[in-house]
1. Under the Karplus relation 6.51 cos²θ - 1.76 cosθ + 1.60, θ = phi - 60°, what is the ordered set of whole-Hz ³J(HN,Hα) values for the stretch 151-160, x standing for Gly and Pro?
2. Of all trypsin sites (Lys or Arg not before Pro) in the stretch 115-146, which ones are in loop regions per DSSP and have a Cβ with at most 15 other Cβ atoms within 10 Å?
3. For the stretch 267-314, what number results from the quotient of the Cα radius of gyration and 2.2 N^0.38 Å?
4. Too long at a 22 Å Cα-Cα cut-off: which of Lys55/Lys139; Lys213/Lys327; Lys183/Lys213; Lys241/Lys327; Lys166/Lys287; Lys108/Lys181?
5. Among Leu219, Phe319, Ser294, flag the residue with its Cα farthest along the positive direction of the charge dipole of the stretch 192-332, charges on Cβ as +1 for Lys/Arg and -1 for Asp/Glu.
6. Out of the DSSP beta bridges found with both residues in the stretch 231-355, what percent are antiparallel (nearest 5)?
7. Could you grab the Rg to Rh ratio for the stretch 192-332? Cα atoms only, Kirkwood for Rh.
8. Kindly list the residues of the stretch 122-137 that lie in the label zone of Glu152, defined by a backbone N under 20 Å from the point 7 Å along the Cα-to-C-beta vector.
Amino acid sequence: MKKNLIAIAMGSLITLSAPFYSIADSNPAVHAQVEYSQFVTKRQVVDQLLADAVKAFKSPARVSHAGFTAKMPSNMEMVTARLLEAYQLEPYRTDLLMSAANAQIYNKNVDRAIELFEQVLTVAPDDLDAHSYLAVWQKFKGNDKASQKHMEKIYALNKGRESDLKRIFSTVDRVLSTPLKEKAGQSLGDNGAIVTLGYALNPDGSMHDILIKRLETTLEMAKANPKAFIVLTGGVPQNHKTEGKLMADWLIQHGISADRIIEENYATSTVGNALYSSYALARHNIKHATIISSASHVRRGQTLFEIASWQTGPQNITFDTVAYPDKPLDELKQASDKEILGIYRDALRTYGLWSYRSYPLESR
């Protein structure tokens, strides 16, 4: 049925009046003008394709294991396919290409994503975001010359963006080179905070064992730093309960004063954890924060919190991490490509580049 609708819409572009020419340069446009009724037909097909993309994007909602959260790959293939079908009908809609490319990033198919980002540049060679994505993902692939070529173009277009990307690269490299640890490396002092990242609740609204282990690590550190604030971040509801609230209840039951606890009950991803919590850290003028999460997750968490704090402050705030060893730390000494991909992907989202920018499929 969908193919028939697309064929009808595409066919309407053939039985048209004379081609439209640009007054400015007399070059023919990508497609000819159509009568209003025909245009509406095409619009309806595009809208339906985007609605199908949204449906695929949202189902299943999410899967999570050891702190790594992502859409199911099969769903991302469906999202990509629907976006590209819509792009066939609307060849000026580079937002569709951008969204399709990022769907492939979620699907861990970086080569395909690079192809789609490069296709954006054939339409808009000065597109700053496309060059930014390509600089990052070519670097991820180890193609340093290609990455540098895009960085030079970015510098010519926007020196601030080039500087920010260099800072992201430097932050990721530093975090990846820092050894994981199970104990705090320093006392938090008078302006310190503990930030504990949530983990998906069980369907009945109870806490997963992984989240309880993070809380046990938090409790130990909270007792060693009695003046530190404690930020508990996680807002994905299950059975009308959120991670932030349940974590707070658990710590209070184990002797931690409620006056020290800041609940963040809205974040639905690590990006949200960083963005929402950064304002709590700014409000209390925190100078150093220790992030607690699973060992396979803390490096991504630290990177995102550092990037989020660039906008909110406090100025010169520093971060480190304490890992609950969901896996032996020796196995995680060298970050996997999967982990590094997740770090770069979410670093760009935290920085402000939206992954999906095709209404109604819009998501940071």
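Since every read-out is calculated from the coordinates, none of them should be taken as a lab result. A quick note: this is a predicted structure, and the numbers were derived from the prediction, not measured. Using ideal geometry, Cβ is built from the backbone for each residue, glycine included, and neighbour counts are taken over all protein chains shown.
1. After applying 6.51 cos²θ - 1.76 cosθ + 1.60, I find 5, 5, 5, 4, 4, 5, 7, 7, 4, x Hz.
2. On the way: sites: Lys139, Lys141, Lys145; in loops: Lys141.
Hits after loop and neighbour filter: Lys141.
3. Details: Rg = 10.1 Å, N = 48, 2.2 N^0.38 = 9.6 Å.
Dividing the Cα Rg of the stretch 267-314 by 2.2 N^0.38 Å gives 1.06.
4. Details: Lys55/Lys139 32 Å; Lys213/Lys327 13 Å; Lys183/Lys213 14 Å; Lys241/Lys327 28 Å; Lys166/Lys287 24 Å; Lys108/Lys181 28 Å.
Exceeds cut-off: Lys55/Lys139; Lys241/Lys327; Lys166/Lys287; Lys108/Lys181.
5. In the stretch 192-332, that residue is Phe319.
6. Details: 1 of 11 bridges.
Roughly 10 percent of the DSSP beta bridges within the stretch 231-355 come out antiparallel.
7. Details: Rg = 13.8 Å, Rh = 14.8 Å.
My calculation of the ratio gives 0.94.
8. 122, 125-137
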